[in-house]
Structure formats: C-alpha cells, structure tokens
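Read through the structure below, which is laid out as structure tokens, and then see the notes.
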Amino acid sequence: MAKKTISPGGSVSGVVELPGDKSISHRYAILAALAQGRSEISNYSPAADCRSTLGCLRKLGVEIEARKEHVRIQGAGLDGLKAPSRVLDAENSGTTMRMLAGVLAGQPFVSTITGDASLLRRPMRRVVEPLRQMGAKIQGRDGDVAPLEITGGPLQAIDYSLPVPSAQVKSAILLAGLFADGVTTVRESVRTRDHTELALREFGATIEVTKGAARIHPRPFLQGKRLTVPGDLSAAVFLMGAALVLSSSSLTLHNVGLNPTRARVLDFLISIGAPIHVASLQMREAELVGNISVKHAPLAGGNVSGAHVAEMIDELPMLAALGPFTEKGIEIRHARELRVKESDRIAALAEGLRRMGASVEEFPDGLRVEGKSSGKLRGAKIEAHGDHRIAMALAVAALGAEGNTVIRDADCVEVSFPDFFAVLDRLRGAEQ
C-alpha cells in the first residue's frame, strides 16, 4: 500500500482537462452493451471502478476494445448477453454491482457478482428488494450482502418509491425495467442524479421524467452511439479545494460535467465565498458541459443538510476537509449514507482531521468541523482507509497544515482519479 507525502504551502495554478465522469462512464458502457451496433465512447473514465464495469461486461460476452480513454463496444442487444462462465467481479465498485444487478435480473440465466472486501461489507438490500418484487430470484450472504447470485428471467413492471434517495438503486430498477412486461415507475422524494435517464433517452429508450418520478417503457430498440464523457465534477472539486486552501491560487478546469443534479456543490461553495466562474456552457449528448474557474478566497463556512445531501454525497468529504480553513466551520447532517460507502466516511474524516489537530464533533448522521478559531492544522500520519475520496479530501486539508502529512494507502485514488496526485504536483510546480 503506497504512501504519499504532502508538503504544505505554495499555490495551484494552471489549466486542467479532467478525466471522464465516473458515473456517466458506467452508464454509457452498460447501455452500449445492451444496444444494437457499435458505440464509440471518448474520454471514458480511467478509474478502476469503470474498468470493473468493462471487465464484467466482457464476461457477459460483450466485445470491448479499450485504448486509454477511448472505448469501442459492439452492442449485444437486449437479448444478446451470455451466461458468464466465471463469477463477475465488481471489485471496489458499488455502482457496477448495483446497476448490473438490474440488467442481470432480466437475463435468462444464473449469474453471480462479487467484489473486494470493502464491497462485500456494503449492504445491497435496497437494490435487491425491488428487483425481487419484479420477479428476480436473488440470494446474498446473510440475505442482502454480496456475493449476489441472481437468477434472472421475465420481469414484472412495478411502481416503486425509493425509501432512501439513491441514484444507483433508481438506475438498477430502470435498467431492469427494460426487460419488464410493462411500464416501470421509480419515484423519489429527493431528486438524485439523472445520468441514467438522460443516457437511456440518448440511446433510444422511451422514458418519461416528471417531478419526483421516472417511467421506463420496456423492450426499446437501443442504438449504438458515438459519445464523449464530460470531465468529472466529483474529481474537479478536490482540485478546487486545493485552490481554495492555498493562497495566490488560480485554476481553470475545462469541459466539466455540470448536470444540474450534480452541480449543487458549486452553489454551496459560492454561497460560502468561493469565487467560482462558469463559462462556455454547451449541451453534449444531453449533458451540460462547461469550464470552471476558481481562485483562492476567504471562506465563511456553512451547513449541508436535508435534500442537498443527496445532491452532494460524493463531494461531502472535500467540504468537510475545508472546514478548518473557514471562519465558521462546516457542519454536515442527514448524511448517514456516508457510513456505508467504501469506508465509514464520517468516522474516517473525523479521525484524519483530528490527527491533524482539527476540532471535530461526530454525529450518527454527520459531523461538524470547527473553523479557523480552533487553530492551524499540523502535519500527521493519517489513514485513507482504502477510500479514494478520503485520501483526496485529507490531501486537500494537508496542503494547509504546518509540516508534512503522510497518507497511507494513498494509491486507493486509482478507484476514481488515478492521476490525482500527479496533477496536484504539476499544478503546484512539482513541489512535492
């Protein structure tokens, strides 16, 4: 497990082309596999999670050619997937497991999908229960934990209300709905990211989206597409965090995905004083894309709670890491979901920030990180707990500490942003 030493100070300046959005890359690959004809996907995410999706699709008989960030997929069609001869391995990717569970529920064969030690600890009941209601037979360890053995077949359409907001569960049900006997409806009380709905429509599915509900019609003719994945906003925020922490920083990020269901984090940062400017907006394959500029500035601090939590779930670790550099601190509540991510992110953030001297109060559903008045951070030896977003968030905090910080297991950033530390070093003039 690799270590990374972060030295404090300096500034970040320059222009960055971000890797492809992880969430969108998963969805484009899965739908390309279910489509007729060939799809060409440019700027496909280099994240390990997205490679896991390609690996699983290959085991299902899909022809895939991947060269760096360009992926060519020969679609098998809705009825063209093959029974895998081996267990499907989602590795660390919860998105892969949950979304493919929806596809596998509609297949006329038995398959098993597993993952690494972290993924095998994550509960799957929320995705398993609606798929069982549709007619799939799913067996898991202790009822709802992977490995999942999925016996697919003809599915029944359902009208399902999500008990907990989750774009991944919503997506799994919509994908299963492609194989159902009627229109499947998914209802949500809090709006979650809508990449699946947009991608389904782009590939040719009939999907109706109204406030609080999405309805997918079965058995569409999906057509292969030529697509470009926008830059990953959830990766961008960690570089933006570095610019906000380090004085004299000025950073521009090109071609970033600015889907309204994902961009709430920008609104929050602006509300606490971040000088963020968005330009060159355009629609690209149904996704909004633009350039983001950000400079260092004093931050007031603030609270994230309620419906906004689901809209910023992946960005919350970075916001917590900004807490010690704000006037009033950062408080996050109603975010119990963070406890069942790749790590218990609430506990991992509290532990790492406390080791650097931050004042942190931990709650069952969140945490409060005190602002500047609690004192300056100091370098420390900290654990990433195998969680890419914890590693990057604590690296941002370490930039503003006194003395070097050593992050253990730092190579876990491979899961979402493999070049994060290299890009950070380049923007700082290779000071590390």
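Of all residue pairs spaced 6 or more apart or on separate chains, those with beta-carbon atoms under 7 Å, a first member in region 139-166 that is at negative phi and a second member that is in a loop (DSSP other than H, G, I, E, B) and of a type in the set (Phe, Trp, Tyr) are 152/109; 155/179. The set of residues in region 288-316 that are among the polar types (S, T, N, Q) and either under 30 Å from residue 228 (Cα atoms) or modelled with pLDDT under 95 (or both) comprises 291, 293. Would you call residue 236 of a type in the set (A, V, I, L, M), under 21 Å from residue 286 (Cβ atoms) and either touching a strand residue (DSSP E or B) at 6+ places or on another chain (Cβ under 8 Å) or not in a loop (DSSP other than H, G, I, E, B) (or both)? Answer is yes for this residue.
Note on region 59-82: among residues that are in a loop (DSSP other than H, G, I, E, B) and touching a strand residue (DSSP E or B) at 6+ places or on another chain (Cβ under 7 Å), the one that is nearest to residue 23 (Cα to Cα) is 69.
Here residue 133 meets each of (1) surrounded by 20 or more Cβ atoms within 10 Å (Cβ to Cβ); (2) out of contact with any Ser or Thr (no Cβ under 6 Å at 6 or more places or on another chain); (3) closer than 16 Å to residue 176 by Cβ; (4) not acidic (Asp, Glu) with one exception, condition (1). All conditions in (1) among the aromatic types (Phe, Trp, Tyr); (2) surrounded by fewer than 24 Cβ atoms within 10 Å (Cβ to Cβ); (3) within 19 Å of the chain's Cα centre (by Cα) hold for residue 221, with the sole exception of (3).
Here the condition is being crowded, with 23+ Cβ neighbours inside 10 Å, touching a strand residue (DSSP E or B) at 6+ places or on another chain (Cβ under 9 Å), at pLDDT below 95 and closer than 20 Å to residue 52 by Cβ; of 119, 148, it holds for 119 alone. If you check 207, 216 for being of a type outside the set (Phe, Trp, Tyr), crowded, with 24+ Cβ neighbours inside 10 Å and outside the structural domain of residue 316 (by TED's automatic domain parsing), only one passes: 216.
When you scan region 280-398 for helices (runs of 4 or more DSSP H) that lie fully inside it, which ones turn up with 1 or more residues that are surrounded by fewer than 21 Cβ atoms within 10 Å (Cβ to Cβ) and free of Cβ contacts under 8 Å to residues at least 12 places away in the same chain?
Working: elements: 308-311, 316-322, 345-355.
The qualifying helices (runs of 4 or more DSSP H) are 345-355.
Filtering region 164-173 to residues that are surrounded by fewer than 24 Cβ atoms within 10 Å (Cβ to Cβ) and modelled with pLDDT of 95 or more leaves only 168. Within region 225-243, if we keep just the residues that are under 27 Å from residue 206 (Cα atoms) and in contact with a Phe, Trp or Tyr (Cβ under 8 Å, 6 or more places away or on another chain), the residue that is surrounded by the most Cβ atoms within 10 Å (Cβ to Cβ) turns out to be 229.
Could you please let me know if residue 252 is out of contact with any Leu (no Cβ under 6 Å at 6 or more places or on another chain), modelled with pLDDT under 95 and of a type in the set (S, T, N, Q)? Judged against the criteria, residue 252 is not a match.
Can residue 244 be described as touching a strand residue (DSSP E or B) at 6+ places or on another chain (Cβ under 7 Å), assigned by TED's automatic domain parsing to the domain that holds residue 420 and assigned to a helix (DSSP H, G or I)?
Criteria met by residue 244.
Condition first: under 19 Å from the mean Cα position of the chain (by Cα) and surrounded by fewer than 16 Cβ atoms within 10 Å (Cβ to Cβ). Now tell me which residues in region 255-279 satisfy that. Listed by number, the residues that qualify are 260, 261, 267. Within region 109-138, how many residues are of a type in the set (Lys, Arg) and at positive phi? Selection size over region 109-138: 0. When residue 100 is tested against (1) touching a Gly at 6+ places or on another chain (Cβ under 8 Å); (2) in a helix (DSSP H, G or I); (3) within 15 Å of residue 147 (Cα to Cα), just one condition goes unmet, and that condition is (1). Here the condition is being in a strand (DSSP E or B) and under 25 Å from residue 39 (Cα atoms); of 253, 227, it holds for 227 alone.
The values are calculated or read from the model by the stated rules, or taken from the named source; none is laboratory data. Just so it is clear, the structure is predicted and the values come from calculations on it, not from any experiment. Don't worry about glycine lacking a Cβ; one is built from the backbone with ideal geometry, like all the others, and counts go over all protein chains shown.
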